[in-house]
Amino acid sequence: MDPRTHDLHLLHITGDERRSFEEKRWILVLLILSPLVGFTATYAVQLTQPVREPYVIYLYPVMAPVMLGALLWNLLGGYSRLAERIAVVVQVALALLHNLSFALQPTLPDSPSFVGSASYWTLVLNACVILLLVPVQRAAWLVVTLYLVCVALPWTLNFDVFRPYLGAMVRTQGGVFSVLLAILCLAWYRQRYVERAREALMLRQLATTDLFAVRTPDLSAERAAGTAAGTAGRPSTGDPIRSART
């Protein structure tokens, strides 16, 4: 069993792979720290509002300790492929719960000209984390499916409430689609850049490596061994007894 599949502290990972995970770890630290500060401020403001959003009131106190634990995990150098898979499942669940809460109990303005739903921008943040943890092709399918489900929730579960806000909802959902498309393009470009960089590094290593240098010590050793064996098989001219017998 590959120890890297259950390694928690990068003990068995070295070289370029370790540097890659170190960079990913610090990106995750920033991705966790920024929303954690925002969630704390949002929750404090929500407590002073007459109309409170259920998702913020009930889920933010649960998410904050989890995010704080993940932040400490990454700061201490923790890593696990199982933790990455769990993080992806959590991101998908949070996006669905937030958009489900918005669809069932929306906080809509009096004017139907604008709808600013925080659930869609939470979806953007979740998509960024998923694209960081999952290979690009699988992540793209997952993000697109998640977006379609979140877009369909208001119209399938609470169409009568959202019908007066049709134009504003389409504008908001279209804006989120544009942002997600830009993020997917950047993720694809990053993947292609990484592949090209690996190919260039491999070609440079092959160009600067002398393939014959690997066999040179072995040939020298074989020649030395053959010379020693031949010397041992021939009689020594300095032995007077052996010379007398011959």
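The values are calculated or read from the model by the stated rules, or taken from the named source; none is laboratory data. Please read all numbers here as calculations on a predicted model, not as lab measurements. Because the Cβ atoms are built from the backbone with ideal geometry, glycine has one as well, and the counts that use them run over all protein chains shown.
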Determine the pairs where a residue that is more than 23 Å from G38 (Cα to Cα), located within segment 63-87, has a partner that is among the charged types (D, E, K, R) and part of a helix (DSSP H, G or I) with Cβ atoms under 7 Å apart, the partner being 6 or more residues away or on another chain.
Y79/R25
The condition from (1) modelled with pLDDT under 55; (2) loosely packed, with under 10 Cβ neighbours inside 10 Å that A207 misses is numbered (1)
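Here is a yes/no grid of residues against (1) in contact with a helix residue (DSSP H, G or I) (Cβ under 6 Å, 6 or more places away or on another chain); (2) at pLDDT 85 or above; (3) acidic (D, E); (4) over 24 Å from V51 (Cβ atoms):
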position	(1), (2), (3), (4)
L97	no, yes, no, no
A103	yes, yes, no, no
P106	no, no, no, no
F114	yes, no, no, no
S117	yes, no, no, no
L123	yes, yes, no, no
L133	yes, no, no, yes
A140	yes, yes, no, yes
What's the number of the only condition in (1) surrounded by fewer than 17 Cβ atoms within 10 Å (Cβ to Cβ); (2) under 30 Å from G69 (Cα atoms) that N158 fails to meet?
(2)
Look through L94, L31, L68 and report the one residue that is out of contact with any Cys (no Cβ under 8 Å at 6 or more places or on another chain), part of a helix (DSSP H, G or I) and surrounded by 15 or more Cβ atoms within 10 Å (Cβ to Cβ).
L94
